[in-house]
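I have placed the structure first, in the form of structure tokens, so that the comments after it can refer back to it.
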Amino acid sequence: MQDRLFVPLNKHWYDLFLEGKKKWEIRGLSNRFNRQTVRVGRDVELRRGYAKEGAIWGKIVEVHVVSTVYIPIINIMDDLFPIPTNSPLWSEIREYNAKYSEFIVFKIEVNKNTATKETKS
């Protein structure tokens with residue numbers, strides 16, 4: 001098995017990566033997403049949930065550990081959350097922020113040759 005970090009995404013975030021609008025991902029620091037598993041140079045497999053088709057492959061090119069999803073210190077909000085300020089997704093983001101005391105934020109350089117549009121269902 002290939003050494004890759006599997007990252008399931010909901011439809012909205014998956015589509016933003018596919019369109020090239022989203023370049024960063026954030027996860028609560030945990031056994032699955034931590035300094036050992038999320039590291040520069042590691043391959044990433046982005047999928048819409050756990051679908052078997054439609055993988056977007058990339059490589060981690062930058063990593064930060066922060067105490068909030070609002071990470072003003074690295075100034076990447078537009079690339080992390082490329083959504084309008086009035087989007088209902090901000091409510092979900094606030095709830096996610098309350099679940100963890102630390103977050104790992106990583107920039108993904110998508111391999112344009114492997115980003116394939118999945119079949120609409």
Original post:
Only one residue in Y96, Y50 is of a type in the set (S, T, Y) and in contact (Cβ under 8 Å) with a residue 60 or more places away in the chain. Which one?
Top reply: Y96
Original post:
Does I76 fit the bill of being farther than 14 Å from F6 by Cβ and of a type in the set (V, I, T)?
Top reply: yes
Original post:
So which pairs qualify, if the first residue must be in region 19-38 and hydroxyl-bearing (S, T, Y), the second must be crowded, with 20+ Cβ neighbours inside 10 Å and in a strand (DSSP E or B), the Cβ gap must be under 7 Å, and the two must be at least 6 apart or on different chains?
Top reply: T37/L5
Original post:
Among the residues of region 29-50, is any under 13 Å from the mean Cα position of the chain (by Cα), within 21 Å of D78 (Cβ to Cβ), crowded, with 18+ Cβ neighbours inside 10 Å and charged (D, E, K, R)?
Top reply: no
Original post:
What number goes with the only condition from (1) touching a residue at least 24 places away in the same chain (Cβ under 8 Å); (2) assigned to a loop (DSSP other than H, G, I, E, B) that K112 does not pass?
Top reply: (1)
Original post:
Being part of a strand (DSSP E or B), in contact (Cβ under 8 Å) with a residue 24 or more places away in the chain, hydrophobic (A, V, I, L, M, F, W, C) and buried (at least 16 other Cβ atoms within 10 Å of the Cβ), is that true of even one residue in region 69-89?
Top reply: no
Subject >> Out of V61, V38, sole residue that is closer than 19 Å to N111 by Cα, at pLDDT 95 or above, assigned to a strand (DSSP E or B) and touching a strand residue (DSSP E or B) at 6+ places or on another chain (Cβ under 6 Å) >> reply: V61
Original post:
So, in region 51-68, of the ones that are of a type in the set (G, A, S) and buried (at least 16 other Cβ atoms within 10 Å of the Cβ), which residue ends up farthest from E102 (Cα to Cα)?
Top reply: G54
Original post:
Can you tell me how many residues in region 1-17 are surrounded by 17 or more Cβ atoms within 10 Å (Cβ to Cβ) and over 14 Å from L80 (Cα atoms)?
Top reply: 2
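The values are calculated or read from the model by the stated rules, or taken from the named source; none is laboratory data. Quantities reported herein were computed from a predicted structural model and do not represent experimental measurements. Cβ: placed from backbone, ideal geometry, glycine included. Neighbour counts: every protein chain shown.
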